[in-house]
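Read the figures in this text as sums done on the coordinates, not as results from a lab. Keep in mind that what you see is a predicted model, and the values were worked out from it rather than measured.
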Amino acid sequence: MSISELKEIIQQKIMQTNDEQLLAAIDTILTKSDPVFVISEKWQKEIESANEDVKKGNFYTLNDFEEKYNTWLKD
């Protein structure tokens, strides 16, 4: 069954029902499939800044951190 056929079947079933709870549940399901995670402008700028740092090589690798951590443990 193709997506367009499935959409047609679902649309027909929706048009035939008068069950308000069912329709509300379908609405909830379809709404939840919409993107719900929104990044604020402030955090978007922080992400862009972090990406620039990575491009410039201003970051620590896991190996770098492990070396520093082991040094801290010895002190």
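Descriptive notes on the structure:
- Note on K32: lysines with a C-alpha under 23 Å away, same-chain residues under 8 apart excluded, are K7, K13.
- Compactness of the chain as Cα Rg over 2.2 N^0.38 Å, two decimals: 2.23
- Rh (Kirkwood; distinct C-alpha pairs) - region 33-74, Å: 13.0 Å
- With θ taken as phi - 60° and the Karplus curve 6.51 cos²θ - 1.76 cosθ + 1.60 applied, the whole-hertz 3J(HN,Hα) list for region 18-26 is 10, 7, 4, 5, 5, 5, 5, 5, 4 Hz, x standing for glycine and proline.
- Couplings 3J(HN,Hα) of region 50-65, computed from phi: 5, 5, 5, 4, 4, 4, 7, x, 8, 7, 10, 7, 4, 4, 4, 5 Hz, in residue order, whole Hz [Karplus 6.51 cos²θ - 1.76 cosθ + 1.60, θ = phi - 60°; x for Gly and Pro].
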